[in-house]
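Shown next, in structure tokens, is the structure this report addresses.
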Amino acid sequence: MESDRFPPTKIRRSDPPTPRMLNMTWEFKLEPTAEQVSESSTFFDVCRNAWNFALRERKDWLDSRKSPLNTCSIQQTFILPADAPFPSDARQCKSLTAAKADFPRLKSVNAQVLQQVIRKLELSKRDESGLS
């Protein structure tokens with residue numbers, strides 16, 4: 001008989017299907033005006049200058065601690081007080097207020113944005129050295 005050749009299969013009850021997430025991606029093309037391009041260029045330039053200044057301050061502090069005791073560099077000498085604290089992100093963020101008085105261009109960017117730039121510098125140095 002036909003049924004002997006094909007034994008009945010057991011129907012297993014499976015788990016209900018897991019719901020699938022639908023991911024939608026949106027793309028927008030920005031077409032800024034000339035004024036917006038100028039403002040964003042100024043904005044990014046101030047952020048870049050803040051990053052570079054904070055990085056230079058840290059490098060100068062580190063270089064001032066690298067000089068051998070028995071010799072001095074012929075090319076340059078970093079003269080920073082020996083008790084000067086390391087310019088951490090907290091110290092550099094705090095000094096932004098005083099820097100705005102000396103550099104009025106810093107006032108064109110929100111203080112939190114400049115502080116975030118300095119925090120990103122700290123995180124990048126941590127990631128570079130593997131201290132995270």
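Residues in the range 90-102 that are in contact with a Lys or Arg (Cβ under 9 Å, 6 or more places away or on another chain) and open to solvent by 40 Å² or more (accessible area, probe 1.4 Å): K100 alone.
Is one or more of the residues making up the range 64-85 at pLDDT 80 or above, surrounded by 14 or more Cβ atoms within 10 Å (Cβ to Cβ) and either in contact with a Pro (Cβ under 8 Å, 6 or more places away or on another chain) or not hydroxyl-bearing (S, T, Y) (or both)? Checking the range 64-85: not a single residue is at pLDDT 80 or above, surrounded by 14 or more Cβ atoms within 10 Å (Cβ to Cβ) and either in contact with a Pro (Cβ under 8 Å, 6 or more places away or on another chain) or not hydroxyl-bearing (S, T, Y) (or both).
The values are calculated or read from the model by the stated rules, or taken from the named source; none is laboratory data. What you are looking at is a predicted structure, and each value in this text was computed from that prediction instead of being measured. Glycine gets a Cβ as well: all are built from the backbone with ideal geometry, and neighbour counts include every protein chain shown. The area values use the complete protein model at the heavy-atom level, side chains included, leaving out ligands, DNA and RNA. Shrake-Rupley method; radii C 1.70, N 1.55, O 1.52, S 1.80 Å.
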